[in-house]
Amino acid sequence: MSSVLDGFRDPEVAKRLVDAIHATATVPCKLMEVCGTHTMAIAKHGLRGLMPETITLLSGPGCPVCVTANPDIDLAIEIARQPGVVLATFGDMMKVPGSYSSLSGEKADGRDVRIVYSPLDSLTIAEKEPDKHVVFLGVGFETTAPTVALTIREAARRELPNWSALSLHKTVPEALRALVNDPEVQITGFILPGHVSTIIGTEPYEFLAREYGVPSVITGFEPVDVLQGVWMLSKQLAEGRAEVEIAYGRGVDAEGNPTAVAAMEAAFEPVDAEWRGIGVIPGTGLALRPEFAQYDARVRVPCTPPEPREIKGCQCGDVLRGVTLPFDCKLFGKGCTPEHPIGPCMVSSEGSCAAYYRYTDYGKE
């Protein structure tokens, strides 16, 4: 049975795009994808191996689980340890190591940590178990923040007294500025995230071209999508242009989704946020606005996590900045595997290390 996506997986179309990339990319360049789904697509379809020698594809901080810093994970764990608390979150967060433990480790030790498939599921738990306080741990970028914002609104509508959210959400554009300003990274162009861009459109990225002369292309997640994005970047570089272009017209409008943005802005306000490997980036976190304090887990379940520490030998921070490849980490494939992950980039289904491990004949690339 044919699929609407077949055209985006067509080998002949892919070959023509690869030929066009080889003909266009005559100058060495480093292109970074900043979406975990792109990272997985590039690895799964072997796109890195189809590139000419002039193009280096790097994976950036596009996995929301991976960029969550140890102090934030430690805080979630400490909240889960409080009496009467149910901590609900998505499955990807369970094995992510903090400084001393993980949520799966806490669950094994008897804490009430539950996996949910939607933020609304956590509201249902709160309704069914009024003697407990349910904390929804929210991570992610502009893609998921609006759904949590609407969940906060729904909790208010239902007048739930025993539910709150721990927001660890982050916003993407200023993280790209931090990467461009990092002398170790030296990015030539960005493959921009399709999901995030569906929400925010093109304007928040315009500074990349205007202030730094760095071209970027928003693209989708099928192999032809990614190849088209690389070709459009190569074309911009060959022609000396720097613009924000859309190769994912079926998913992204230039103006984004104003309704989702409005919902997000109504519930959250920008705060400084720590990104794993990058450090604190001003204004890239999303905290609940003061008028929603009754649904803010930082207010409702105050606690102090232990002093954070980094995992010895783990280079996830450098991998997320694109200055170290997963292969180059001494733990990769040895102490750290998807079955026994040590760092978050091997834990998450969208992590760079997990993508390289699953789909690449590492050691030969």
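The values are calculated or read from the model by the stated rules, or taken from the named source; none is laboratory data. It should be emphasised that the depicted structure is a prediction, and the values quoted were computed from it without experimental measurement. Note that each Cβ is placed from the backbone with ideal geometry, even for glycine, and that neighbours are counted across all protein chains shown. Heavy atoms of the whole protein, side chains included, go into the accessibility calculation; ligands, DNA and RNA do not. Shrake-Rupley method; radii C 1.70, N 1.55, O 1.52, S 1.80 Å.
List the GluC sites (Glu not before Pro) within the stretch 19-99 that fall in a DSSP loop (any state other than H, G, I, E or B) and whose Cβ has at most 16 other Cβ atoms within 10 Å.
In loop regions of the stretch 19-99 (DSSP not H, G, I, E or B), the sparsely surrounded GluC sites (Glu not before Pro) are GLU53.
How large is the charge dipole for the chain, taken about the Cα centre, if only the Cβ atoms of Lys, Arg (+1) and Asp, Glu (-1) carry charge, to the nearest 20 debye?
680 debye
The stretch 1-100: which trypsin sites (Lys or Arg not before Pro) are DSSP loop and have at most 12 other beta-carbon atoms within 10 angstrom?
none
Considering all alpha-carbon pairs of the stretch 170-217, what whole percent are spaced by more than 18 angstrom?
So the portion of pairs separated by more than 18 Å is 22 percent.
In whole Å, largest first, what are the principal axis extents of the Cα atoms in the chain?
Its Cα atoms span 65, 48, 46 Å along the three principal axes.
Too long at a 25 Å Cα-Cα cut-off: which of LYS15/LYS235; LYS30/LYS95; LYS15/LYS334; LYS15/LYS44?
LYS30/LYS95; LYS15/LYS334
By how many degrees, between 0 and 90 and to the nearest 10, does the Cα long axis of helix 145-158 differ from the longest principal axis of the chain?
Roughly 20 degrees, rounded to the nearest 10.
So what's the projected area for the stretch 230-295, the Cα convex hull averaged over all directions, in nm²?
Seen from a random direction, the Cα hull of the stretch 230-295 projects 7.3 nm² on average.
Tell me, what is the per residue accessible area of the chain in Å², probe radius 1.4 Å?
Accessible area per residue, the chain: 43 Å².
Express the carbon and sulfur contribution to the solvent-accessible surface of the chain as a percent, rounded to the nearest whole number, probe 1.4 angstrom.
Here it works out to 52 percent.
What are the radius of gyration and Dmax of the stretch 92-138, computed over its Cα atoms and given in Å?
Every Cα atom of the stretch 92-138 included, Rg and Dmax give 11.6, 33 Å.
Per 10 Å bin from zero, what fraction in whole % of the C-alpha pairs of the stretch 1-113 is there, up to the bin with the longest pair?
12, 29, 21, 17, 16, 5, 0
I need the P(r) histogram for the stretch 53-196: all alpha carbon pairs, bin width 10 Å from 0 out to the longest distance, whole percents.
11, 36, 30, 16, 7, 1, 0
Of the chymotrypsin sites (Phe, Trp or Tyr not before Pro) in the stretch 101-188, which ones lie in a loop per DSSP and count no more than 13 other C-beta atoms within 10 Å?
Filter output for the stretch 101-188: TYR117.
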